[in-house]
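First comes the structure, then the notes that go with it.
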Amino acid sequence: MNFLEEKIVKDGIVKEGNVLKVDSFLNHQMDIDLFNKMGEEWKKRFEGKDINKILTIEASGIGIACIAAQHFGVPVVFAKKAKSINLEGEMYTAEVESFIHKNKNQVIVAKKFLTEDDHVLIIDDFLANGCALQGLIQIVQAAGATVEGIGIAVEKGFQQGGTMIRNLGYQLESLAIVDDMDHTTGEIKFR
C-alpha cells in the first residue's frame, strides 16, 4: 500500500453513491506534506517528459497542481469554471460535467496562457467518469499544445474514466486507484 492509499484508509470516508470523502486532507483541508510526496512521485513517473506547464481545473486541483509544479519548476494554469470581469482577451472553452456536483460547467482558459509551444501535464484530484479530463484535453488540443501526461491523485477504477483516457493513448498516472468501496463497512479496495 502506498502513502496515498494509507492516508485514504486512515482518514477517508466512504459515502453512499460511490462517494469517497477525503476533505480532511485532499480537497477542503489540504495536507501539504502529502501534496509534496505526490509531486515527487509524479516527477518520477513523468521523468524525461518535456513538461513546461501544468494545467488543472478549479478548485480542488489547484493546491495539488501548485505543489507538484514546484517539483517540475513550471507554472500552473487552471481552468476557471465561471467567467469573471477580470478575464480578458480570447478564451479556450470546454463543457465539463461534474460527478460530485451533478452539473455542467463551461471551463475557461485565457489563450495567452496556453500556446502551441506548451508541453502540458494535466493534474487533478479525482478521476471518475473522465469528463473534466476530456474538457482539459480539448482545451490543450485547441491551443495546439501537447498533453505530455496526466497525473491523478485518486482514480475510481470501477468507473470508466481511467480506461477511456488510457484508450486515447495518454500516459495516465493515478497515485491511488480505488477498485471498490463499501459505504456500509467503510472498506476500500485498491488496485
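Scanning the range 113-121 turns up at least one residue that is modelled with pLDDT of 95 or more and under 16 Å from the mean Cα position of the chain (by Cα).
At pLDDT below 95 and under 15 Å from the mean Cα position of the chain (by Cα): is that true of residue 26 in this structure? Yes, satisfied. Looking across the range 168-191 at every residue that is outside any loop (DSSP other than H, G, I, E, B) and among the acidic types (Asp, Glu), the one that is nearest to residue 137 (Cα to Cα) is identified as 173.
Among the residues that make up the range 147-161, is at least one of them out of contact with any helix residue (DSSP H, G or I) (no Cβ under 9 Å at 6 or more places or on another chain), of a type in the set (D, E, K, R) and outside any strand (DSSP E or B)? Break it down stepwise before answering.
Taking the range 147-161 first, the residues out of contact with any helix residue (DSSP H, G or I) (no Cβ under 9 Å at 6 or more places or on another chain) are 148, 158-160.
If we keep only those that are of a type in the set (D, E, K, R) as well, we get 148.
Checking the rest, the ones that are also outside any strand (DSSP E or B) come to none.
No, because not a single residue in the range 147-161 is out of contact with any helix residue (DSSP H, G or I) (no Cβ under 9 Å at 6 or more places or on another chain), of a type in the set (D, E, K, R) and outside any strand (DSSP E or B).
Among residues belonging to the range 163-180 that are touching a Leu at 6+ places or on another chain (Cβ under 6 Å) and touching a residue at least 24 places away in the same chain (Cβ under 8 Å), point out the one that is surrounded by the most Cβ atoms within 10 Å (Cβ to Cβ).
The initial filter retains those residues of the range 163-180 that are touching a Leu at 6+ places or on another chain (Cβ under 6 Å), namely 165-166, 175-176.
So of that shortlist, the ones also touching a residue at least 24 places away in the same chain (Cβ under 8 Å) come out as 165, 175-176.
Numbers: 165: 23, 175: 20, 176: 26.
Looking at residues that are touching a Leu at 6+ places or on another chain (Cβ under 6 Å) and touching a residue at least 24 places away in the same chain (Cβ under 8 Å), I get 176.
The residue of the range 42-55 that is nearest to residue 129 (Cα to Cα), among those that are part of a loop (DSSP other than H, G, I, E, B) and not polar (S, T, N, Q), is 46.
Of all residues in the range 1-41, which are aliphatic (A, V, I, L, M), assigned to a helix (DSSP H, G or I) and more than 16 Å from residue 62 (Cα to Cα)? Correct list: 4, 8, 9.
The single condition from (1) under 26 Å from residue 31 (Cα atoms); (2) at pLDDT 80 or above; (3) surrounded by 14 or more Cβ atoms within 10 Å (Cβ to Cβ) that residue 73 fails is (3). The residue that is nearest to residue 94 (Cα to Cα), among those in the range 36-70 that are buried (at least 22 other Cβ atoms within 10 Å of the Cβ) and modelled with pLDDT under 95, is 57. Which condition from (1) among the aliphatic types (A, V, I, L, M); (2) touching a helix residue (DSSP H, G or I) at 6+ places or on another chain (Cβ under 7 Å); (3) at pLDDT 95 or above is the one that residue 128 breaks? Every condition holds for residue 128 apart from (3).
Matching residues to (1) under 28 Å from residue 181 (Cβ atoms); (2) touching a residue at least 12 places away in the same chain (Cβ under 8 Å); (3) aromatic (Phe, Trp, Tyr):
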| residue | (1), (2), (3) |
| --- | --- |
| 4 | yes, yes, no |
| 30 | yes, yes, no |
| 33 | yes, no, no |
| 65 | yes, yes, no |
| 74 | no, yes, no |
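The values are calculated or read from the model by the stated rules, or taken from the named source; none is laboratory data. Model, not experiment: these values are computed from the prediction. Every residue, glycine among them, receives a Cβ derived from its backbone with ideal geometry; neighbour counts consider all protein chains shown.
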